[in-house]
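What follows is one structure encoded as structure tokens, with my remarks underneath.
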Amino acid sequence: MDNITEQRVYIKFYFKIGKNATETFELIKLAFGDVSLSRCVTFDWFKHFKEGRISIEDDHRPGRPSSSKTNDTIDLVRNKIRNDRRLTVREVANEVGISIGTCHSILSDELGMKRVSAKLVPKLLTEEQMEHRIEMCLELKNRVSNDPNFIKSIITGDETWVYGYDPETKVQSSQWKTANSPRPKKCLHYEFVPTGQTINQVFYKQVLERLREKVRRKRPEVWKSKLKSTLKGHRFEDVDETIHNATQELKAITMEEIQRSFKKWQDRWEYCIKAKGHYFEGDPFK
């Protein structure tokens with residue numbers, strides 16, 4: 001018994017013991033994982049069994065599957081995919097009544113489609129959240145247009161884990177050599193989380209209050225009107241050495257690098273607007 005036929009047996013069994021279509025689909029996914037039938041196909045077979053179907057085999061189709069690519073066939077394939085984008089080429093071919101090769105050709109050549117894995121994102125955005133992203137980008141662009149010094153008044157912050165040892169990446173193992181001396185470097189504020197400290201809104205508030213006070217003392221002109229560093233490939237003996245090296249890396253960030261980051265940030269406003277608030281792939285502004 002092949003995999004697809006076996007799943008049909010389970011669908012029929014779940015119908016017989018009183019499960020509904022949604023419960024059946026979830027159980028099929030749990031049992032068969034990545035090779036499970038799509039939601040659309042599972043619901044179709046559940047409906048067939050509910051209407052009195054007994055056989056778990058495909059309906060007989062006389063002759064070999066069609067290999068023609070007519071406009072009607074292309075429309076059928078397009079509609080099947082639009083209804084369920086998780087369908088496999090084999091499933092679409094079986095439902096439309098064409099060969100797998102013809103179905104694959106229609107999907108790739110006629111419809112310009114390719115099968116890709118879902119991309120992991122921090123969270124799925126709602127329409128309201130995407131609209132808010134656009135509004136914020138437009139507002140920031142407007143602030144910059146009306147006030148050339150707006151960017152200079154922004155203070156950013158970030159947090160990251162610094163490990164006692166973190167293996168370097170392949171890119172980090174490559175090296176650039178130059179005879180030029182390093183440019184002036186400057187860091188306004190940094191601090192390390194005490195061992196056992198929970199990072200929550202109360203802790204963040206205290207960090208921001210300390211930052212605000214340092215800005216008031218060291219940058220009065222800003223008061224009136226960064227930093228993430230990786231230390232991969234280095235091994236540190238204890239917390240003190242880790243803190244020391246992380247501090248040195250923070251101080252090594254040049255003003256030019258910070259300015260370049262702000263420029264890329266502004267570029268991303270535009271890209272977010274063009275993407276209509278959706279997440280966008282990669283970094284188009286490298």
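The values are calculated or read from the model by the stated rules, or taken from the named source; none is laboratory data. Everything quoted here is computed from the prediction, not taken from an experiment. Because the Cβ atoms are built from the backbone with ideal geometry, glycine has one as well, and the counts that use them run over all protein chains shown. These area figures cover heavy atoms from the full protein model, side chains too; ligands, DNA and RNA do not enter into them. Shrake-Rupley method; radii C 1.70, N 1.55, O 1.52, S 1.80 Å.
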Members of the range 135-180 that are at pLDDT 85 or above and touching a Lys or Arg at 6+ places or on another chain (Cβ under 6 Å): 150
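Before we move on, is residue 187 at pLDDT below 65 and open to solvent by less than 70 Å² (accessible area, probe 1.4 Å)?
Working: at pLDDT below 65: yes; open to solvent by less than 70 Å² (accessible area, probe 1.4 Å): yes.
Yes: the conditions hold for residue 187.
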Output for the range 1-30, where each listed residue is open to solvent by 40 Å² or more (accessible area, probe 1.4 Å) and touching a Ser or Thr at 6+ places or on another chain (Cβ under 6 Å): 29
Qualifying residue in the range 242-253 (condition: modelled with pLDDT under 80, in contact with a Pro (Cβ under 9 Å, 6 or more places away or on another chain) and open to solvent by less than 100 Å² (accessible area, probe 1.4 Å)): yes
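Got a sec? Which helices (runs of 4 or more DSSP H) wholly within the range 31-134 have at least 2 residues that are in contact with a Ser or Thr (Cβ under 9 Å, 6 or more places away or on another chain), open to solvent by less than 100 Å² (accessible area, probe 1.4 Å) and at pLDDT below 80?
On the way: elements: 39-50, 71-83, 89-96, 100-105.
Qualifying helices (runs of 4 or more DSSP H): none found.
How about the range 1-17: which of its residues are charged (D, E, K, R) and outside any helix (DSSP H, G or I)? Walk me through it before giving the result.
Going residue by residue through the range 1-17, those that are charged (D, E, K, R) are 2, 6, 8, 12, 16.
Across the range 1-17, the qualifying residue is only 2.
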Breaking point among (1) part of a loop (DSSP other than H, G, I, E, B); (2) on the phi < 0 side of the Ramachandran plot; (3) at pLDDT 65 or above; (4) not aliphatic (A, V, I, L, M), for residue 276: (2)
